[in-house]
Amino acid sequence: MSYKIVFSDIDGTLLNKERELSERTIKTIKAIKDDIPVVLISARMPKAMRHLQQQLGIENQPIICYNGGFLLVDEKPVSSTAIPVNTIQELAKFNETNQVHLSLYNADEWHVPAHDYWAKREERNTKVTPSIKHIHDVMDDWGKRDLGAHKIMCMGEENKIENMYQFLKDNYSNQLHVYRSKNTYIEIADKQISKLTAIKYLLKNHYNLSIEETVAFGDNYNDVEMINGVGLGIAVANAREESKAVANKITDASIDDGVAKSLEELFLT
């Protein structure tokens, strides 16, 4: 099979131990990008992806944000699927007693209840500064603008995160994608979307390529469907076992330039 496009997850997949792009990764992607489109696909917001695009020289390519909930082509939204405000309100009500950090995201907006340990940690990881705004104020504003959450991030102590996870699974399993990216993190998105649905949308509406011509790299639970559904699904060595189980190939770990090495083998040898 001749592969014609690459999609890559970011955190845990593309970045090195400093959570940066390595020189090898930058060099490799720059070497193939004029012939093979490279598209970043992540749970991140657009602001947290653009600087990586710039480093790789792929600003002309679309970006898939929020696990497929928000797609940008030429900096313009072409697909947007959000969690409605009334669902956020119900989640906020439960959290009044559970008390985990709730980050709310829509497009390039990121709202946090306080600049606490969790907000500072995400700020370091993504190089984006959040807005400090009470969740009820966010919901009032979004309600007036007919917006919802492209992503909700719950962060906190393991036992409280477990409580929140069970609440979500018991009440919203038909409406929401709920996955624990870490023992202290839950990421929430609308059930209609996934990384694979976003890839299929772009292949059909932007690239005119088949899914069989697609390579995708990932590591986490939210990458399983994507890795399993593309032409060549590759998991990094540090990936979750669920991702490895469906992968066509396992490459080296993210901190050992696994993505770059596979791209070199596929397109530069």
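The values are calculated or read from the model by the stated rules, or taken from the named source; none is laboratory data. Note that the structure is a prediction, hence the values are computed from the model and not measured. Glycine gets a Cβ as well: all are built from the backbone with ideal geometry, and neighbour counts include every protein chain shown.
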Within the stretch 159-169, can one find any residue that is outside the structural domain of residue 48 (by TED's automatic domain parsing), hydrophobic (A, V, I, L, M, F, W, C), crowded, with 17+ Cβ neighbours inside 10 Å and touching a Gly at 6+ places or on another chain (Cβ under 8 Å)? yes
Quick check on my filter: what residues within the stretch 96-113 are more than 26 Å from residue 20 (Cα to Cα) and of a type in the set (A, V, I, L, M, F, W, C)? 100
Can you tell me which residue within the stretch 107-118, out of those that are surrounded by fewer than 19 Cβ atoms within 10 Å (Cβ to Cβ) and of a type in the set (A, V, I, L, M, F, W, C), is modelled with the lowest pLDDT? 114
Please report, ordered by residue number, the strands (runs of 3 or more DSSP E) entirely within the stretch 207-269 with at least 3 residues that are touching a residue at least 60 places away in the same chain (Cβ under 8 Å) and within 20 Å of the chain's Cα centre (by Cα). 214-218
All-but-one check, residue 186 against (1) more than 14 Å from residue 6 (Cβ to Cβ); (2) of a type in the set (A, V, I, L, M, F, W, C); (3) assigned by TED's automatic domain parsing to the domain that holds residue 19, failing number (3)
Just to verify a result, which residue in the stretch 75-121, among those that are assigned to a loop (DSSP other than H, G, I, E, B) and either closer than 17 Å to residue 144 by Cα or touching a residue at least 24 places away in the same chain (Cβ under 8 Å) (or both), is farthest from the chain's Cα centre (by Cα)? 99
Is it the case, given these coordinates, that residue 166 is of a type in the set (S, T, N, Q) and free of Cβ contacts under 8 Å to residues at least 12 places away in the same chain? yes
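For the stretch 122-136, what are the residues that are among the hydrophobic types (A, V, I, L, M, F, W, C) and either without any contact (Cβ under 8 Å) to a residue 12 or more places away in the chain or not in a helix (DSSP H, G or I) (or both)?
128, 132
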Residue list for the stretch 143-163, filter: under 25 Å from residue 80 (Cβ atoms), touching a strand residue (DSSP E or B) at 6+ places or on another chain (Cβ under 7 Å) and not small (Gly, Ala, Ser): 147, 150, 151, 152, 153, 154, 155
